[in-house]
């Protein structure tokens with residue numbers, strides 16, 4: 001007898017959608033069968049009228065513990081992930097201290113294992129001393145590396161130690177060291193020198209310019225270096241048409257380069273800055289309506305392979321009513337990631353299968369997890385999201401589970417047609433009927449280059 005079965009679901013696969021029943025034994029999917037063909041199970045979910053998909057994978061996620069747990073810790077922010085149908089998050093290495101050494105990596109792993117409600121993979125900082133240091137972090141279980149091409153704020157250098165390189169030579173050294181690991185390097189691509197250049201110009205309406213050329217120049221530089229050293233680079237949070245032009249040029253030149261955008265860039269444009277000021281501050285900043293439309297087109301044609309949240313929790317008083325220049329960058333978006341894409345599918349902006357692939361099978365493939373995550377096939381991990389599509393429901397910040405819910409006021413009233421009905425993590429129903437149900441589903445997820453002992457320990 002299986003532990004769990006889901007019956008009467010419309011199961012979404014890359015090949016299309018069909019009615020089927022799914023069975024789960026322990027933490028593994030064991031069978032996908034025609035409706036009515038499964039035997040009894042200890043628990044049964046009747047998913048008639050719902051869709052079943054692989055649990056979403058969010059490859060760009062920030063947690064603030066232990067340095068700022070009031071903003072969000074692994075428990076609170078992975079609860080938000082579960083509410084959004086996300087069963088795996090890749091946590092970025094910005095922490096205090098930065099996650100750029102084996103000791104800090106192990107400490108963050110312990111935090112995640114103690115508190116997380118969904119699966120957690122960890123990035124390492126990318127600006128390491130040499131190849132041996134990069135290989136050591138890969139062996140610890142890093143899912144990939146993260147590099148910033150801009151200087152951190154003076155009061156945050158400890159959080160960014162080992163994460164940034166601003167000169168061409170430093171970027172070359174970092175990517176050269178990482179290339180032998182075979183792991184992707186996620187790059188926050190904004191040109192430090194261009195940021196400095198525009199900062200010297202008079203601000204417009206109190207806002208210092210950070211135009212798309214800042215992003216486009218950095219992408220072109222990173223792509224040229226990656227091509228030279230043979231590294232796989234993944235550009236984070238693409239925000240503009242100019243950035244897409246640089247990305248397409250790099251792809252045409254044969255660079256091993258992929259990219260993501262985020263729900264905030266797909267849902268909002270720079271008019272939100274005029275309405276909300278510092279609350280709407282993110283990096284790169286929100287762009288014009290035409291840039292937003294270009295991003296949707298790039299998701300449709302596959303130029304943008306992945307959509308990720310860049311979930312970055314802050315407390316409302318840190319952003320609301322704060323001068324734009326001094327407000328921190330970031331919004332709480334993990335609960336909007338999957339509903340944004342499903343809403344696009346409901347509106348025929350994207351095929352449903354393509355919308356789901358952007359947060360399941362594609363990120364799993366790019367980060368070496370294909371066959372285990374991002375798929376509903378026998379033998380895969382039992383990470384499953386059940387959702388329904390209906391009339392648009394206006395987003396209300398007070399309903400979100402993140403501790404940064406107050407900052408979601410920038411999205412207040414946006415109508416999305418998707419509702420997350422159940423989130424199943426490693427075979428356990430973690431979220432159901434709008435509330436948390438089980439807080440024991442999460443596990444540490446090592447990267448594909450991890451030593452065998454680490455894979456066996458999870």
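FYI, it's all coordinate maths here, none of it is from the lab. Model, not experiment: these values are computed from the prediction. Please note: Cβ atoms are built from the backbone with ideal geometry, for glycine as well, and neighbour counts cover all protein chains shown.
Pair-distance distribution of the stretch 277-392: all C-alpha pairs, bin width 5 Å, starting at 0; shares per bin in whole percent are 2, 10, 15, 18, 18, 15, 11, 7, 2, 1, 0. Percent of Cα pairs in the chain per distance bin of 10 Å, from zero to the largest separation: 5, 22, 33, 27, 11, 2, 0, 0. Between residue 270 and residue 399, the contour length at 0.36 nm per residue exceeds the Cα-Cα span by 43.9 nm. Would you mind checking the tilt of helix 131-140 against the longest principal axis of the Cα atoms of the chain, expressed as 0 to 90 degrees and rounded to 10? Here the helix axis deviates by roughly 30 degrees. Here the calculated FRET efficiency for residue 391 and residue 169, from their Cβ-Cβ distance with R0 = 60 Å, stands at 0.60, rounded to the nearest 0.05. To the nearest ten degrees, helix 168-178 and the longest principal axis of the Cα atoms of the chain are 30 degrees apart. Taking other C-beta atoms within 10 Å as the exposure proxy, 342, 295 rank 295, 342 from fewest upward. Relative protection proxy for 138-144, 229-235, 318-324, from highest mean packing down: 138-144, 229-235, 318-324 (other beta-carbon atoms within 10 angstrom).
Stretching residue 210 away from residue 438 to a fully extended chain increases their span by 77.7 nm, per 0.36 nm per residue minus the current alpha-carbon distance.
Segment residue 293..residue 198, full-extension length gain: 31.7 nm, with 0.36 nm per residue of separation and the alpha-carbon distance subtracted. As a proxy for reagent exposure, ranking 58, 291, 155 by other Cβ atoms within 10 Å from fewest up yields 155, 291, 58. Could you give the angle, 0 to 90 degrees to the nearest 10, between helix 102-115's Cα long axis and the longest principal axis of the Cα atoms of the chain? It works out to around 40 degrees. Extent of the stretch 352-399 along its three principal axes (Cα atoms, max minus min coordinate, largest first): 36, 22, 21 Å. Taking other C-beta atoms within 10 angstrom as a stand-in for reagent exposure, 68, 60 fall in the order 68, 60, fewest first.
Distance from the alpha carbon centroid of the stretch 59-104 to that of the stretch 20-53 works out to 31 angstrom. Between the stretch 376-406 and the stretch 155-234, the C-alpha centres lie 32 angstrom from each other.
Residue 107 versus residue 301, label points 7 Å from Cα toward the beta carbon: distance in nm? With each label placed 7 Å out from Cα toward Cβ, I get 4.7 nm.
Working note: 222 nm ellipticity from helices only, DSSP H runs with n ≥ 4, each -39,500 (n - 2.57), summed and divided by the residues of the chain, gives -9000 deg cm²/dmol to the nearest 500.
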